[in-house]
Amino acid sequence: MDAWPALTVTGVVALGLFAYAHAIHPARPGALNPPGWYGFFDQSHYLDLARDLAAGQLPTPPDYIYGLGYPILAAPFVKLRSGGDAFLAVDALAFVATMVMVVALGRRLRSTAFGVASAAVLVVATPLLDTVVVPWNTTVTVVAVLCALVVATSSDALRWPHGLALGLAVGLAFAARYVDAAFPALIGGAALLHAGRPAWRAWLAAGLTALSIAALVLASQAAVLGSPWKSPYSQQPGKAGAGTNQQTLANFEFERVPRNFVEVFVTGKSEGQRQTVDPLGRQFIWAILAPLGAVALGRRRHPLFGPFAVALATSVIGTVFYLSYPGSRGDHLIYGNIHYWKAWFPLWGLLAAYGFLALTDRLPAGPSRSRRAVGGPNRADR
């Protein structure tokens, strides 16, 4: 199967699936359910920020509590769809881009058919689609991580267009969720280091693009919050309540990482009580095969082993980081905290699918059919 027809069909199907999932979502904003998910905490503030930006103004300090990188993408649609879902087009395009990049990466790993199958399974056997249909700023991280991996796995010499794409990925991730910029930066940076001196134009393009976006973010913080180093998360109370803020490292609970992992990934329990939302392990059980896929790539000396190994290691770092966040307890499953890890669903899915096929490739073939079975009954059976 040629690449472009497959990618085009994937994009069209992904758009249709997104539209269907959005139309039947019980929290969809609309006439039957106003304001829908814009009555939730995070989503209501995304919308407020998008409205401020659409009006050509920066938010006031009490409202500037999330990065502008996600709301600014929806700002053009606020005027077009007043009272509707301002993030609908943004999230739809992000999901289409995600599925197209999954197919492209699967094609590089094994074949176009493998990429298409991996994308299909990611849609039907993971919570990825649900976490993109509902507006979350982690949707930017999903696209940024995949964009960096597409750059890192390119068979061409890395040139300035690759660097531009990587810089946009890192910059937009920073504008949306700050720390998340480290994920595409690690994946893309490793690829640039591996490319060596010939990739200096890519380094330059990536650095200038990412720093330009970061400078705009810091300037907005200086204008609204009084300091470029004071992020919107300093406006939100930390785990200890009044007098603390979420920007400080003290807000994180690294000692709770093992417990939070068990609650959110395995049992779905908090304080012994089973939550009404399934843990990630129940919703995406086959992700446990992802390490097997990485091992298979290494044993086969696959040319893409390096980039995927770096991406998998980065996903472990990102997973541990978010498991230390207070919102990563089991009782926050009902608030959709699984979205913290959705940036890794495509990576884990591709590696898990590759590992599964590598395992089946090693299974012995069944006994060959005898001539009697092929040719029908012999004379003695008549």
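None of the figures in this text is laboratory data; all of them are computed from the coordinates on show. Fair warning: this is a prediction, and the values are worked out from it, not measured in the lab. Please note: Cβ atoms are built from the backbone with ideal geometry, for glycine as well, and neighbour counts cover all protein chains shown.
Using only alpha carbon pairs under 8 Å that are at least six residues apart, calculate the relative contact order of the stretch 79-163 and give it in whole percent. Walk me through the intermediate numbers first.
Numbers: 53 pairs, mean separation 26.5, N = 85.
Here the relative contact order equals 31 percent.
Please arrange Arg201, Arg299, Arg329, Arg282 by counting, for each residue, the other beta carbons lying within 10 Å of its beta carbon, fewest first.
Numbers: Arg201 16, Arg299 10, Arg329 19, Arg282 13.
Starting with the residue having the fewest Cβ neighbours, the order is Arg299, Arg282, Arg201, Arg329.
When only Cα pairs under 8 Å and 6 or more residues apart are kept, what is the percent relative contact order across the chain? Working shown, then result.
On the way: 547 pairs, mean separation 59.8, N = 382.
The value is 16 percent.
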**OP:** Treat the count of other C-beta atoms within 10 Å as a stand-in for reagent exposure and order Ser234, Ser328, Ser44 from fewest to most.
**Re:** Ser44, Ser234, Ser328
**OP:** List the aspartates and glutamates whose Cα lies under 16 Å from the Cα of Lys342, skipping any in the same chain that are fewer than 8 positions away.
**Re:** Asp91, Asp130, Asp180, Asp278
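Normalise the Cα radius of gyration of the chain by 2.2 N^0.38 Å (N = residues in it) and let me know the number.
Normalised Rg, Cα atoms only: 1.10.
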Original post:
Hey, which aspartates and glutamates would be in cross-link range of Lys79, C-alpha to C-alpha under 15 Å, not counting anything within fewer than 8 residues on its own chain?
Top reply: Asp48, Asp52
**OP:** Equivalent ellipsoid semi-axes for the stretch 31-154, as square roots of 5 times the alpha carbon gyration tensor eigenvalues: give them largest first, rounded to whole Å.
**Re:** 31, 16, 11
Original post:
Does the stretch 1-79 come out rounded, prolate or oblate by the C-alpha gyration tensor, with a ≥ b ≥ c the root eigenvalues, rounded set by a/c under 1.5 and, if not, prolate when a/b is larger than b/c and oblate if not?
Top reply: oblate
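May I ask you to sort Thr153, Thr248 by Cβ crowding, counting other Cβ atoms within 10 Å and putting the fewest first? Intermediate results must be reported in sequence, preceding the final value.
Numbers: Thr153 19, Thr248 13.
Placing the least packed residue first, the sequence is Thr248, Thr153.
Percent relative contact order of the stretch 81-226, based on C-alpha pairs within less than 8 angstrom and at least six residues apart?
Dividing the mean separation by the residue count of the stretch 81-226 yields 21 percent.
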Original post:
Can you tell which of Gly56, Gly306, Gly163 shows the greatest fluctuation in a Gaussian network model of the chain with Cα springs below 10 Å?
Top reply: Gly56
Subject >> For Gly238, residues with placed amide H under 5 Å, excluding near neighbours >> reply: Thr244, Asn245, Gln246
Subject >> Cβ-placed point charges (K, R +1; D, E -1), dipole of the chain about Cα centre in debye, nearest 20 >> reply: 1620
